[in-house]
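Peer 1: Before I ask anything, let me first share the structure, which is written out below as structure tokens.
The values are calculated or read from the model by the stated rules, or taken from the named source; none is laboratory data. Every value quoted in this text rests on a predicted model; they were computed, and no experiment measured them. Note: ideal-geometry Cβ built from the backbone for every residue, glycine included; neighbour counts use all protein chains shown. SASA here: full protein model, heavy atoms, side chains in, ligands and nucleic acids out. Shrake-Rupley method; radii C 1.70, N 1.55, O 1.52, S 1.80 Å.
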Amino acid sequence: MKHEYDVIIVGAGLAGLRAAIELGEETRVAVITKVFATRSHSGAAQGGIGASLGNEEEDSWEWHMFDTVKGSDYLGDQDAIEIMAKDAPRTIYELEHIGVPFNRTAEGKIAQRAFGGHTSGFGKAPVKRACFAADRTGRVILDTLWEKSLQRGIRFFDEFHILSLIVNDHQCCGVTAYEIATGEIHVFQSKAVLLATGGAGKIFKTTSNALASTGDGMAVAYRAGAPLEDMEFVQFHPTGIYKLGILISEAARGEGGILRNNEGERFMERYAPTIKDLAPRDMVSRCILEEVRAGRGIDGKDYVHLDLTHLGPEVNDTKLAEITGFARTYAGVEPNKEPIPVQPTCHYMMGGIASNADGQVISDSQGNIFTGLYAAGECACVSVHGANRLGCNSLLDTLVFGRRSGKQLRKFIHSIGLPPVPETTEQQEKEKLQRLMNGPGKEKYGAIQAEMQEVMMEKVSVFRTASGLTEALEKVRALKQRYARITVSDQGSCFNRELLDVLELENMLDLAEVIAAGALYREESRGAHFREDFPTRDDSKFLVHTLAACRPDQEPELFTKPVTITRFEPQERKY
Ligand SMILES: Cc1cc2nc3c(=O)[nH]c(=O)nc-3n(C[C@H](O)[C@H](O)[C@H](O)COP(=O)(O)OP(=O)(O)OC[C@H]3O[C@@H](n4cnc5c(N)ncnc54)[C@H](O)[C@@H]3O)c2cc1C
């Protein structure tokens, strides 16, 4: 089936919905999403959204900008970070005005709490900057934006899985999608496409991410010729529930929670004397694993304790109700009386589709624009998070740059007509699916996926070495070859989950290769990328973004581009 729109937005998380609302009623816009819109991973965000409102104590956007630059280990582009930090208070008031039910202070202002890496006075002390709605912040924002987009008459294609970008003569002119309920292929022709497909945590064995976070948008853009930026920077959140990876928000430490080792020691005091448990995530994750390596994990195992007992039910059962519920249900502990067992869990992709602050995707090393292709949210790399994202900056990023992409798209679509789509598009996709369904091979997706997740977790997570990364790369490449012999046993056309898993696996394998290749190339330690064989940051060689371009049937081509530095020269990162 064929459809025509001015703009196709892929993804109904905060980035996609915010852009859709900006495009509003005058534009023919459709949102395609593989899960029902309000099931997007944004709805799982717990802790908060950062903005220097100064409602609880003095704050300023310059401090927010500085913290983000420092948190990024100086790899974030400072022009983009400045835009985000300055636009944050406006973004929060906009949410308030459309009905987001934030927690309030006693005088009725929007309440704020502390979060990792957010400080006052350029790093002097923790500051309360995170606006929140209990520990369901993403949920209330997502639901409110969704209602707003229904009001605006935006058309949703729920449970449609995009297969590819349609590119004609170097211009993006739509997407192909698979309708999950029927197995039908749809061709969406449009003047522009905005990818807002979120993260890719499912590449790793332990993750806080939803099942849908398989990096589809990044992978289809990469295969269509858009380079991926800084993919080696993968964030491990320090506090996932032991063995499961389900997130215990940093808000728990923002409200006063404490990490303890087997000896009951508050070990973060040793590593980050100024901000202790509220050090940035890359540091805290490494510190937890250092404790484990030194034999101070709980009972000698690979986890530590997050202690919330002293906060009492008045905090735990109100401001942290969701996560204390998770601890009871999934870890079987009573957080008012016992500590929660936690270990680092794959949480966030700092890298993504190389794009600028107006959402335009970059097509090459010269910084030329990929006509008609836009990206925003976690699948994009603007880059505001550099080598390590601070908590509460992602929800902000999705909204600030989702809105800016919408504005830019509005200008762009007025300047052009509907570009033609090649006649063969639908047939090509049908043939590809037929090959997967009827292939002669014997490989099954489950085994390949498990081996990929295992090797990425073991060799490409918090600690990395050249030999481990080389091993991981070889393994991923071998898995890609096995993928070519994959077969789908379910021949059905209605909710064929096996086929969808197979499609997602192709995307994850491509991204896993780029992550490992970038990590091997970057012979330094910066932010979330820690090389045991190169344990220090090397600004002389690596104060650059890594870009990876897809070459069919070959390894990715890696190149670099400079980091934009405006206000803050790189310094040693101490907390
Ligand atoms: C558990 C958890 C807690 C978090 N807490 C916070 C927090 O407190 N503060 C903060 O700032 N950040 C937080 N984050 C990070 C933040 O929530 C995410 O980075 C952000 O919400 C991503 O939004 P997005 O709009 O880019 O994508 P998502 O919300 O992930 O949405 C992706 C969309 O893309 C669609 N999609 C994907 N692939 C396809 C395809 N092939 N075809 C069609 N549609 C597709 C999906 O259906 C979905 O609608 C948290 C993340 C997690 C996992």
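Peer 1: In percent, how large is the relative contact order of region 1-94, given Cα pairs closer than 8 Å and 6 or more residues apart? Write down the numbers at each step before the final one.
Peer 2: Details: 81 pairs, mean separation 20.3, N = 94.
So the answer I get is 22 percent.
Peer 1: When only Cα pairs under 8 Å and 6 or more residues apart are kept, what is the percent relative contact order across region 38-191? Don't skip to the answer; put the middle values down first.
Peer 2: On the way: 241 pairs, mean separation 38.5, N = 154.
Answer for region 38-191 is 25 percent.
Peer 1: So, one more: With the crude spin-label approximation of a point 7 Å out along Cα→Cβ, what separation in nm comes out for K574 versus K430?
Peer 2: 6.7
Peer 1: Rolling a 1.4 angstrom probe over the protein heavy atoms, how many square angstrom per residue are accessible across region 425-538? Intermediate values should be presented prior to the final figure.
Peer 2: Values: 4860 Å² over 114 residues.
With all protein chains present, region 425-538 gives 43 Å² per residue.
Peer 1: So the label point goes 7 Å from the Cα of K411 along Cα→C-beta, right? Which residues of region 351-382 then have their backbone N under 12 Å from it?
Peer 2: 357-360
Peer 1: Now a separate question. Angle between the Cα long axis of helix 61-71 and the longest principal axis of the chain, 0 to 90 degrees, nearest 10?
Peer 2: Around 80 degrees separate the two axes.
Peer 1: What is the gain in length, in nm to one decimal, between E423 and E523 on full extension, counting 0.36 nm per residue of separation less the C-alpha to C-alpha distance?
Peer 2: Numbers: separation 100, 0.36 × 100 = 36.00 nm, distance 4.62 nm.
Once the chain is fully extended between E423 and E523, it gains 31.4 nm.
Peer 1: Then there's this: Over the chain, what percent of the accessible surface lies on carbon and sulfur atoms, probe 1.4 Å?
Peer 2: Answer for the chain is 48 percent, counting heavy atoms of protein chains only.
Peer 1: Assuming a strict under-19 Å limit between Cα atoms, what lysine pair count do you get for region 425-538 once near-sequence pairs (fewer than 8 apart, same chain) are dropped?
Peer 2: Lysine pairs, 8 or more places apart or on different chains, close enough: 9.
Peer 1: How many nm is it between the label spots at E56 and D364, if each spot is 7 Å from the Cα in line with the beta carbon?
Peer 2: 5.0
Peer 1: Here is a further query. Give, in nm to one decimal, the length gained when the segment between N438 and R497 is fully stretched (0.36 nm per residue of separation minus the Cα-Cα distance). Write down the numbers at each step before the final one.
Peer 2: On the way: separation 59, 0.36 × 59 = 21.24 nm, distance 1.61 nm.
Result for the pair: 19.6 nm of gain on full extension.
Peer 1: While we're looking at this one, here's another question. So what is the relative contact order for region 425-538, in percent, with contacts set as C-alpha pairs under 8 Å and at least six apart? Write down the numbers at each step before the final one.
Peer 2: Numbers: 125 pairs, mean separation 37.8, N = 114.
Across region 425-538, relative contact order equals 33 percent.
Peer 1: While we're here: For the pair E94 and K124, what calculated FRET efficiency results from E = 1/(1 + (r/R0)^6), where r is the Cβ-Cβ distance and R0 = 30 Å, to the nearest 0.05? Mind showing how you got there, number by number?
Peer 2: Numbers: r = 30 Å, r/R0 = 1.00.
With a Förster radius of 30 Å, E is 0.50.
Peer 1: Mind checking the per residue accessible area of region 162-267 for me, 1.4 Å probe, whole number of Å²? Display every interim value, and only then the final one.
Peer 2: Numbers: 2510 Å² over 106 residues.
Per-residue value: 24 Å².
Peer 1: Could you tell me how far the Cα centroid of region 288-332 sits from the Cα centroid of region 383-399, in Å?
Peer 2: Cα centroid to Cα centroid, the span is 25 Å.
Peer 1: Please report the net charge: other residues with Cβ closer than 12 Å to the Cβ of I32, K and R +1, D and E -1.
Peer 2: Numbers: positive: K34, R155; negative: D158, E159, E179, D216.
With Lys, Arg at +1 and Asp, Glu at -1, the net is -2.
Peer 1: Let me ask you something else. Using only Cα atoms and rounding to the nearest 10 degrees, what angle (0 to 90) does helix 137-151 make with the longest principal axis of the chain?
Peer 2: The helix 137-151 is inclined about 40 degrees to the chain.
Peer 1: Tell me the per residue accessible area of region 277-422 using a 1.4 Å probe; a whole number in Å² is fine. Walk me through the numbers on the way to the answer.
Peer 2: Numbers: 4620 Å² over 146 residues.
That works out to 32 Å² per residue.
Peer 1: For region 1-70, state which chymotrypsin sites (Phe, Trp or Tyr not before Pro) are in a DSSP loop and have at most 16 other beta carbons lying within 10 Å of their beta carbon. The partial results should precede the final answer.
Peer 2: Values: sites: Y5, F36, W61, W63, F66; in loops: F36.
Of the chymotrypsin sites (Phe, Trp or Tyr not before Pro), the ones in loops of region 1-70 whose Cβ has at most 16 other Cβ atoms within 10 Å are F36.
Peer 1: Within region 156-174, what residues put their amide N at less than 16 Å from the label point 7 Å along the Cα-to-Cβ vector of K2?
Peer 2: Inside the label zone: 166-168, 173-174.
Peer 1: Let's test the formula: R0 of 25 Å, r as the Cβ-Cβ distance of E265 and K337. What FRET efficiency results, to the nearest 0.05?
Peer 2: Numbers: r = 20 Å, r/R0 = 0.81.
FRET efficiency, E265 to K337: 0.80.
Peer 1: Okay, moving on. Can you give the angle from 0 to 90° between the axis of helix 425-438 and the longest principal axis of the chain, with both taken from C-alpha atoms, to the nearest 10?
Peer 2: Long axis of 425-438 versus the principal axis of the chain: about 70 degrees.
Peer 1: Could you name the lysines in cross-link range of K124, using Cα to Cα under 18 Å and dropping any fewer than eight places away on the same chain?
Peer 2: Output for K124: K70, K276, K574.
Peer 1: So which lysines pass the test for K407, namely a Cα distance under 29 Å, with those fewer than 8 places away in the same chain ruled out?
Peer 2: K2, K34, K86, K148, K191, K561
Peer 1: Rounded to the nearest 500 deg cm²/dmol, what is the calculated helix-only ellipticity per residue at 222 nm for the chain, with -39500 (n - 2.57) per DSSP H run of length n ≥ 4? Please report the intermediate quantities before stating the final value.
Peer 2: Working: 16 runs with 194 residues, N = 575.
Value at 222 nm, helices only, nearest 500: -10500 deg cm²/dmol.
Peer 1: For region 185-197, what does the Karplus curve 6.51 cos²θ - 1.76 cosθ + 1.60, with θ = phi - 60°, yield as ³J(HN,Hα) per residue in whole Hz, taken in order and with x for Gly and Pro?
Peer 2: Along region 185-197, the couplings run 9, 10, 10, 9, 8, 7, 6, 8, 10, 10, 8, 9, 9 Hz.
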